[in-house]
Amino acid sequence: MIKNVHIVSILIFSLVLSGCGSKDIYKNKNESQKIDSLIKVQEFNDRTVLVKFGYDAITAIKTTKGIVLIDAGISTSLTARYKIIIENKFDNHNFVYVINSHGHPDHIRGNSLFPEAQVIGHENCQFDGFVNRNPDSLSISVGKIVDDYELQLQHSIPNTAEWDDIFTQKIRYKGAYRDIKKHIPVRFPDIIFPDSMKLECGDTTFEMIYFGTFHSTSDILIYVPELKLLFTGDLFSKYGRPSLGNSSITDNDRWLHANKWINKRINDIETIIDGHGQILTTDDLRIFNENLLLKYSRESQ
């Protein structure tokens with residue numbers, strides 16, 4: 001089994017990735033081919049494509065103004081591959097916006113690969129775990145994660161589902177490690193908002209609302225009414241399980257406001273995609289909302 005996948009993501013990759021040691025990104029051609037074989041592409045319609053590699057995921061939506069991305073991946077090396085896939089799928093190289101569901105590096109590290117696009121996110125993105133970190137300490141931590149996954153691979157049976165899961169995790173963090181080594185700067189959103197934002201992009205609308213401090217300090221919901229799509233970032237997973245961060249600070253009033261915002265749209269939502277490419281159901285969403293209301297009522301007493 002993969003150890004502490006979500007814990008590692010929250011504790012380590014909510015940090016700034018800068019200045020590091022050395023690890024080659026790919027060992028050989030076979031490893032590169034294996035990576036390509038494990039990249040999954042899911043088309044929801046002729047305008048929406050989800051590209052996944054293990055827990056790494058970005059979604060591309062084609063509009064009459066150009067391509068809009070939801071999130072940008074954990075590393076520039078992996079996102080460069082996703083970019084080619086998306087360009088080929090849409091026969092289009094015009095990326096106009098990247099919308100970050102929140103500011104953790106496994107969602108924004110690929111922002112820099114789209115210099116022609118404007119990046120949109122909550123105003124807390126640039127402060128979401130990127131302040132007062134020691135780069136040397138971070139590089140050691142990330143290197144240990146890569147080594148740990150390599151050790152797990154050595155004790156797993158090659159080409160099984162378990163081995164593939166461990167392999168994708170190793171490659172994800174290895175790519176991030178490479179970005180650290182090369183001192184590739186983190187690109188933060190160019191367009192920020194405090195509470196909500198509505199983006200008209202030709203024939204497609206993107207409605208965004210700040211959820212409040214929860215999984216991170218910059219979580220937003222993204223709704224695309226024309227496609228009946230909702231993007232939830234890392235707020236919750238299957239069966240409405242909340243991904244509440246380890247913080248004593250709560251934003252109950254904002255959660256309740258976001259809950260009402262969701263409920264107004266829930267009958268017009270057909271597809272829900274979380275921050276790691278998991279497809280959720282409206283039942284998952286309803287249970288999550290119920291959990292929020294229960295928590296709110298308890299803490300309001």
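Farthest toward the positive end of the dipole of the chain, out of S32, F90, I269, is the Cα of S32, where the dipole comes from beta carbon charges about the Cα centre. Rounded to the nearest 0.05, the FRET efficiency derived from the C-beta distance between T64 and D268 at R0 = 22 Å is 0.55. Of S141, S218, the sequence from fewest to most neighbouring Cβ atoms within 10 angstrom is S141, S218.
Give the order of L230, L138 when sorted by the count of other beta carbons within 10 angstrom, beginning with the fewest.
Ordered by Cβ neighbours within 10 Å, fewest first: L138, L230.
Between the amide H of F236 and those of S243, distances stay under 5 Å, these residues lying 5 or more places away or on another chain, with hydrogens modeled in the peptide plane. Contact order for the range 210-294, expressed relative to its length and based on alpha carbon pairs under 8 Å spaced 6+ residues apart, stands at 34 percent. Here's how it looks for T205: its modeled amide H is under 5 Å from those of E226, which are all 5 or more places away or on a different chain. Annotation note: trypsin sites (Lys or Arg not before Pro) in the range 196-301 located in DSSP loop regions with a Cβ neighbour count of at most 16 within 10 Å are K228. Among the listed pairs K29/K170; K52/K238; K264/K295, give every one whose C-alpha distance is greater than 24 Å. Beyond 24 Å: nothing from the list.
Scan the range 44-95 for trypsin sites (Lys or Arg not before Pro) in coil per DSSP, keeping those whose Cβ has at most 16 other Cβ atoms within 10 Å, and list them by number.
K65
Remark: the range 220-235, residue by residue, has Karplus-estimated 3J(HN,Hα) of 10, 9, 10, 10, 10, x, 4, 10, 6, 10, 10, 10, 10, x, 9, 5 Hz, where x stands for each Gly or Pro and the curve is 6.51 cos²θ - 1.76 cosθ + 1.60 at θ = phi - 60°. At an R0 of 22 angstrom, the distance between the Cβ atoms of I85 and E31 translates into a FRET efficiency of 0.75.
Placing unit charges on each Cβ (+1 for Lys and Arg, -1 for Asp and Glu) gives the chain a dipole about its Cα centre, and among S77, H104, Y149 the Cα reaching farthest toward its positive end belongs to Y149. For the chain, the share of DSSP beta bridges that are antiparallel, to the nearest 5, is 70%. Between amide H atoms placed 1.01 Å from N, distances below 5 Å from V119 occur with V98, D190, I191, all of them 5 or more places distant or on a separate chain. Summing Cβ point charges (Lys, Arg +1; Asp, Glu -1) relative to the Cα centre of the chain gives a dipole of roughly 540 debye. Annotation: the residues C125, C201, sorted from fewest to most other C-beta atoms within 10 Å of their own C-beta, follow the order C201, C125. Computed about the Cα centre, the dipole magnitude for the range 144-301 is approximately 340 debye when only Lys and Arg (+1) and Asp and Glu (-1) carry charge, each at its Cβ. Placing pseudo-labels 7 Å out from each Cα toward the beta carbon at I140 and Q42 gives an inter-label distance of 4.0 nm.
Phi angles across the range 97-103 convert, under the Karplus curve 6.51 cos²θ - 1.76 cosθ + 1.60 with θ = phi - 60°, into 3J(HN,Hα) values of 9, 10, 9, 8, 5, 6, x Hz, Gly and Pro given as x.
When all alpha-carbon pairs of the range 157-261 are counted, what percent fall beyond 17 Å? The answer is 69 percent, as a whole percent.
If you take the alpha carbon atoms of the chain and fit the smallest convex hull around them, that volume is 128 Å³ per residue.
Rule-based calculations on the coordinates, nothing more; no lab input. Keep in mind that what you see is a predicted model, and the values were worked out from it rather than measured. Neighbour counts run over all protein chains shown; Cβ positions are idealised from the backbone, glycine included.
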